[in-house]
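Accompanying notes for the structure given below.
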Amino acid sequence: MWVGPHALGSVVTWLANSGVFVRPATTRPAARNLDTSAESARAGRAASFSRRLPLAFSAATCFSVLHHLPTPTKQDELFAEIGRVLRPGGLFVGTDSRDLQMIRADHVDDTFVPVDPETLGDRLAHAGFVDTELEVGDYQIRFIARTPL
């Protein structure tokens with residue numbers, strides 16, 4: 001599965017603990033950095049970040065970020081917002097940590113709300129994504145979902 005044959009396209013946004021980065025193919029990485037810091041996530045503002053982003057991204061990536069959102073509801077709001085800013089057929093690609101004691105131990109005094117791999121596909125579908133592929137590894141979940149054409 002993984003990204004393999006999936007082309008991310010020309011305008012990609014990626015989410016990180018330190019911000020949201022937009023990279024059109026013609027600009028340098030981190031062309032735009034918006035505040036979606038861990039502090040903002042804990043304050044419940046992270047899911048509203050994309051209201052300030054332009055529409056029509058070809059892809060969004062999210063690597064080890066989802067578990068930093070304070071509730072599953074905030075995660076679902078983020079899924080819906082990502083779906084809103086992706087163009088038709090746009091890809092949402094991500095990974096996140098599994099709920100393991102060794103990973104929890106690294107999040108003492110930090111937000112850790114793991115994504116349940118059993119419900120992730122349904123949650124992405126509820127947010128409007130289709131053709132979701134999900135892989136559960138020893139330590140992480142990997143997923144790819146697409147907005148309808």
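The values are calculated or read from the model by the stated rules, or taken from the named source; none is laboratory data. Keep in mind the model is a prediction, meaning the values are calculated, not measured. We place every Cβ from the backbone using ideal geometry, glycine too, and count neighbours over all the protein chains shown.
One table, with the values for the structure above:
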read-out: Total residues in segment 122-139, condition of a type in the set (A, V, I, L, M) and either surrounded by 15 or more Cβ atoms within 10 Å (Cβ to Cβ) or at positive phi (or both); value: 3
read-out: Residue check, residue 99 farther than 19 Å from residue 64 by Cβ and not aromatic (Phe, Trp, Tyr); value: no
read-out: Selection count, segment 91-119, where residues are touching a helix residue (DSSP H, G or I) at 6+ places or on another chain (Cβ under 9 Å) and part of a loop (DSSP other than H, G, I, E, B); value: 10
read-out: Any hit, segment 121-133, residues being touching a Gly at 6+ places or on another chain (Cβ under 7 Å), assigned to a strand (DSSP E or B) and modelled with pLDDT of 95 or more; value: yes
read-out: Complete set of residues in segment 56-90 that are under 21 Å from residue 103 (Cβ atoms) and not in a loop (DSSP other than H, G, I, E, B); value: 61, 62, 63, 66, 67, 68, 72, 74, 75, 78
read-out: Cβ-Cβ under 7 Å pairs, at least 6 apart or on other chains, segment 78-103 side under 16 Å from residue 115 (Cα atoms), far side aromatic (Phe, Trp, Tyr) and buried (at least 21 other Cβ atoms within 10 Å of the Cβ); value: 92/129; 94/143
read-out: Only one of 71, 111 that is in contact with a His (Cβ under 7 Å, 6 or more places away or on another chain), in contact (Cβ under 8 Å) with a residue 40 or more places away in the chain and surrounded by fewer than 18 Cβ atoms within 10 Å (Cβ to Cβ); value: 111
